[in-house]
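What follows is calculated from the coordinates using simple rules that are stated; it is not laboratory data. Quick caveat: nothing in here was measured; it's all calculated off a predicted structure. Virtual Cβ from ideal backbone geometry, glycine too; neighbours counted across all protein chains shown.
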Amino acid sequence: MTKPQVKSIHCISGVLLFVCISWIPQVSRARYMGEAYFESAMDLYQMNKYEDAVQRFKKFLELAPHDFYGHYLTARSLGFLGDIDNAIEYYERALAIKDDYDAHVYAGILFTTKGKYESALDHFKKALEIIPDDSDALIHTGDVYRSQKDFDRAIELYHQVIEHEPQNSKAYLSMGMALKEKGNLAGAIENLKKALNIQPDNAHVHIILGITLQETGDTNSAHKHFEKAKEIDPDCKVPEN
């Protein structure tokens, strides 16, 4: 069977627009149009042009409403744009089609941002059912407990990650922040320094460590970490005093 021919291909701002000849059957035309929308949406997504990508993904979903990746990537794009509510909606649509670790984790992160902690915990729990003992899901779960001021429960999860991954800088950072918020400044400093030993060019850790040192009265060391943070990321914000 002869494949349908493409009449012309235009490239406008990196987006491929396929103009198919009119005799292509309607079902085939929809399939080819769907592929074109998805490919152009992916091009835009990879160029960080998320607003345009969202519009292309939505066009694709009109033709393929049950496609997991169409919903998932729309959610990712909306998340990058800061449109949290709509991003969550598309993650939920994606998860109604397919149970997926990444979609659960990203949805959980957004629910945490919204302060909807029970929904966040539910998504992280489901992520851990897919990949048991996954460090990222455990850390995110701990971060939810930390947001709820349940520091002991959070610290227990961070310990669990560190036992299996002693070079996990994110676990030490979260541990340090939990201990700081609990009032254990010495323990916080110890863990934040461990995070920096693993990832010395992390501006965020330098800032958190600097603030913690400042709270102990060690302003000289604090300012050194603030200066280092600005050296790593000139756009980062550090305390003025």
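Between ALA186 and SER147, 0.36 nm times their residue separation minus their Cα-Cα distance comes to what?
Values: separation 39, 0.36 × 39 = 14.04 nm, distance 2.07 nm.
Using 0.36 nm per residue and subtracting the Cα-Cα distance, I get 12.0 nm.
For SER77, what is the net charge nearby, where nearby means another residue's Cβ is under 12 Å from its Cβ and Lys, Arg count +1, Asp, Glu -1?
That sum, taken over residues with Cβ under 12 Å, equals +1.
Ratio to report: Rg/Rh of the range 110-177, with Cα atoms as the point set and Rh obtained by the Kirkwood method; give two decimals. Please list the in-between numbers first.
Working: Rg = 11.2 Å, Rh = 11.8 Å.
Using only Cα positions, Rg/Rh for the range 110-177 is 0.95.
Projecting each Cα onto the charge dipole of the range 105-186 (Lys/Arg +1, Asp/Glu -1 at the beta carbon, about the Cα centre), which of LEU179, PRO132, ASN168 comes out farthest on the positive side?
LEU179
What is the sum of charges, Lys and Arg at +1 and Asp and Glu at -1, for the other residues whose Cβ falls under 11 Å from the Cβ of ALA94?
Working: positive: ARG76, ARG93, LYS98; negative: ASP67, GLU89, GLU92, ASP99, ASP100, ASP102.
Around ALA94, the surrounding residues sum to -3.
Quick check: the angle from helix 203-216's long axis to the longest principal axis of the chain, C-alpha only, nearest 10 degrees?
Between the helix axis and the principal axis of the chain, the angle is about 30 degrees.
In whole Hz, what ³J(HN,Hα) sequence does the range 163-175 give by Karplus (6.51, -1.76, 1.60; θ = phi - 60°), x for Gly and Pro?
4, 8, 9, x, 10, 8, 5, 5, 5, 5, 4, 5, 4
If you fit an axis through the alpha-carbon atoms of helix 219-232 and take the longest principal axis of the Cα set of the chain, what angle between them do you get, 0 to 90°, nearest 10?
20 degrees
Normalised by the number of residues in the chain, what is the relative contact order in percent for Cα pairs under 8 Å and 6+ residues apart?
Across the chain, relative contact order equals 8 percent.
Could you tell me how many degrees, from 0 to 90 and to the nearest 10, lie between the Cα long axis of helix 101-114 and the main elongation axis, the longest principal axis, of the Cα atoms of the chain?
60 degrees
For the range 144-213, what is the relative contact order in percent, using Cα pairs closer than 8 Å and at least 6 residues apart in sequence?
Values: 75 pairs, mean separation 17.6, N = 70.
Relative contact order comes out at 25 percent.
For every other residue with a beta carbon closer than 14 angstrom to the beta carbon of VAL161, add +1 if it is Lys or Arg and -1 if Asp or Glu, then tell me the sum.
Its environment carries a net charge of -3.
Can you put TYR72, TYR101 in order, fewest other beta carbons within 10 Å first?
Sorted ascending by nearby Cβ count, the order is TYR101, TYR72.
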